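Data block below; observations after.
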């Protein structure tokens, strides 16, 4: 399996929201809720349940697979409105954590009630206007009472056929998470300051969503520490983006040990590993060259060798399986 070279970033869509509402797959998109669930074992893209395989996480070379605009450029897309399942059409929505909330005359629509909503987008590229629609076919919390929600989404362009919005490396439909930030598709850097009222549809087989599922919810905090930088550091780690330039140095399905300074990920007992690197938002802050995920890597930047755990100032540590 070779390194995938199509690192498509999450296209971000401007999305109107009330101030109070804005916060910082199961395979086969079918309408019957019992047919899909984010808590089922998922075999594609080398994943088992909570991304665990013998207490090791599985990484990805993909940053995101979202394809609303059909190319690899970063595009801001105007959200025109929401065609609700009950027949109303409204224009006001936003995110609460990772959950979509839509404001209508009848009150706030969120949780499972957003199912069968169609979001209209107006995309302007090179002076050409295209209308695109995203159909929310299923919404479900990733776990009971979680603020992380997963969505089955279909895409239609110019009134054409519906197709899955997110696909894994084998072309199978997968789900998306919603994140209220934007990223540069080439460098993997978070766009700062954050554009006003944006949402990224983060496909679950790629780094943006995987890092949320590892526990690094960028809208949240733990013990008073904001997790946004941990999430960004994680996106560098899962892709082995040592230099923080957007260049991956791994292949899909490679297991890595993950440890952090907040205890969201802890040391796996009786599972031997060697420290590969420690990570911050801009890439690896230290690296043990003999322990890179792939052997004989050419690293295009100078990175200090790791010493004692987290002495480098990194937020997350990655380890390489040693047996």
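The values are calculated or read from the model by the stated rules, or taken from the named source; none is laboratory data. Values in this document were obtained by computation on a predicted structure and should not be read as measured data. With ideal geometry, Cβ positions are generated from the backbone for all residues, glycine too; neighbour counts draw on all protein chains shown.
The rows are residues; the columns are (1) over 27 Å from the mean Cα position of the chain (by Cα); (2) more than 24 Å from residue 215 (Cα to Cα); (3) modelled with pLDDT of 95 or more; (4) surrounded by fewer than 17 Cβ atoms within 10 Å (Cβ to Cβ).
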| site | (1), (2), (3), (4) |
| --- | --- |
| 259 | no, no, no, no |
| 262 | no, no, yes, yes |
| 273 | no, no, no, no |
| 317 | no, no, yes, no |
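With respect to residue 306, determine if the residue is modelled with pLDDT of 95 or more and under 29 Å from residue 193 (Cβ atoms). Criteria not met by residue 306.
Could you please give the count of residues in the stretch 174-201 that are part of a loop (DSSP other than H, G, I, E, B), modelled with pLDDT under 85 and farther than 15 Å from residue 235 by Cβ? Total meeting the criteria: 5.
Taken over the stretch 156-169, the residue count meeting the criterion of being assigned to a loop (DSSP other than H, G, I, E, B) and either in contact with a helix residue (DSSP H, G or I) (Cβ under 6 Å, 6 or more places away or on another chain) or surrounded by 17 or more Cβ atoms within 10 Å (Cβ to Cβ) (or both) is 3. Among the residues of the stretch 299-310, those that are over 18 Å from residue 229 (Cβ atoms) and either out of contact with any strand residue (DSSP E or B) (no Cβ under 6 Å at 6 or more places or on another chain) or buried (at least 21 other Cβ atoms within 10 Å of the Cβ) (or both) comprise 299, 300, 301, 302, 305, 306, 307, 308, 309. Considering the stretch 103-155, the qualifying strands (runs of 3 or more DSSP E), each wholly inside and each with 2 or more residues that are buried (at least 18 other Cβ atoms within 10 Å of the Cβ), touching a helix residue (DSSP H, G or I) at 6+ places or on another chain (Cβ under 9 Å) and at pLDDT 90 or above, run over 128-141. Within the stretch 202-211, if we keep just the residues that are in a loop (DSSP other than H, G, I, E, B) and in contact with a strand residue (DSSP E or B) (Cβ under 8 Å, 6 or more places away or on another chain), the residue that is nearest to residue 138 (Cα to Cα) turns out to be 204.
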